[in-house]
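The values are calculated or read from the model by the stated rules, or taken from the named source; none is laboratory data. From a predicted model like this one, the values you see are computed outputs, not experimental measurements. Cβ sites come from the backbone with ideal geometry, for glycine too, and all protein chains shown count toward neighbours. Ligands, DNA and RNA are stripped out before the accessible areas are found, and what is left, the full protein with its side chains, is counted by its heavy atoms. Shrake-Rupley method; radii C 1.70, N 1.55, O 1.52, S 1.80 Å.
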Amino acid sequence: MPRSIAVAVVSVTGLLALTGCGLQDHRDSVGVPGSSPSSVPSVAPKAPLLSGRPLGADARVPSPSGVDGTDATEVSEAWAEVAYGYDTKYDSGPHDAVLCSARWFTAKKAAAERSYRPASGAGNHWNTWARHKAWTTVDVTADDDGDGPVDTAVLAYRALFVEGTAHGRDGWTGTGPRANVYLKVTRAGRGQPWHVDEVTGVEAGVPPSPASSSPASSSSSSSSSSVSSSSTPS
């Protein structure tokens, strides 16, 4: 597993109840990958929002544009960018953020995520970010050693490395989410849009955080996992 030390292996069947992310319910205006932007997502029907706050003018939530829904890699990387893009001023925990990624789930995956409720709090790393009202940005890169299964017309697997930075509204900077992420993506047929069907996240070892420019800086935080245990195979 290149570039990282795996410290926890967890499946994301419990990932992100498709609720929260601090967003107003924007799903009426978000298109399914590979479709017109005006299309209503077929995989993300209405779901009640939890404790995430409606977005303000200063919200920092990723919204990838120009994603080719017929490209499995582009869909996978866009999903990861959004799923690990948090704004702790508005989100109550990591699972809130992935409401934004609902457009890339299969119907089955979306249904499983809507029924999930986290069993514990957001964790110490999230609490550190929240003290600084931080948002996270991530670099998503392919982490494929070439040994993965060959794509078929309707099934593909992608391995990604997510490396994030937390940006405090008080000027503090710390380490954000870091994980190896493995996705199974599927589609109905050749030329149709891909959707994320299964995800497995492996939290990565975290290096020392860069020095903070804020006098109130605290120690660096590592990845706050946005995944939960599940028996679903990946």
Being of a type outside the set (S, T, Y) and open to solvent by less than 20 Å² (accessible area, probe 1.4 Å) is the filter here, so list the residues in segment 161-177 that pass it. F161, V162, G164, A166, G168, W172, G174, G176, P177
Here is a list: V82, V75, V67. Which entry is under 25 Å from A166 (Cβ atoms), touching a helix residue (DSSP H, G or I) at 6+ places or on another chain (Cβ under 6 Å) and in a helix (DSSP H, G or I)? V82
What are the pairs with Cβ atoms under 7 angstrom where one residue, in segment 56-80, is charged (D, E, K, R) and the other, located anywhere, is buried (at least 17 other Cβ atoms within 10 Å of the Cβ) and assigned to a loop (DSSP other than H, G, I, E, B)? Sequence gap at least six, or different chains. E74/V67
So in segment 112-149, with the set limited to residues that are at pLDDT 80 or above and among the aliphatic types (A, V, I, L, M), which one is surrounded by the most Cβ atoms within 10 Å (Cβ to Cβ)? A134
Of residues in segment 188-221 being within 13 Å of Y157 (Cβ to Cβ) and at pLDDT 95 or above, the one farthest from the chain's Cα centre (by Cα): W194
Every residue in segment 147-165 that is more than 21 Å from A107 (Cβ to Cβ) and in contact (Cβ under 8 Å) with a residue 60 or more places away in the chain, please. D151, L160, F161, V162, G164
Among the residues of segment 150-160, how many are touching a helix residue (DSSP H, G or I) at 6+ places or on another chain (Cβ under 6 Å) and surrounded by fewer than 15 Cβ atoms within 10 Å (Cβ to Cβ)? 0
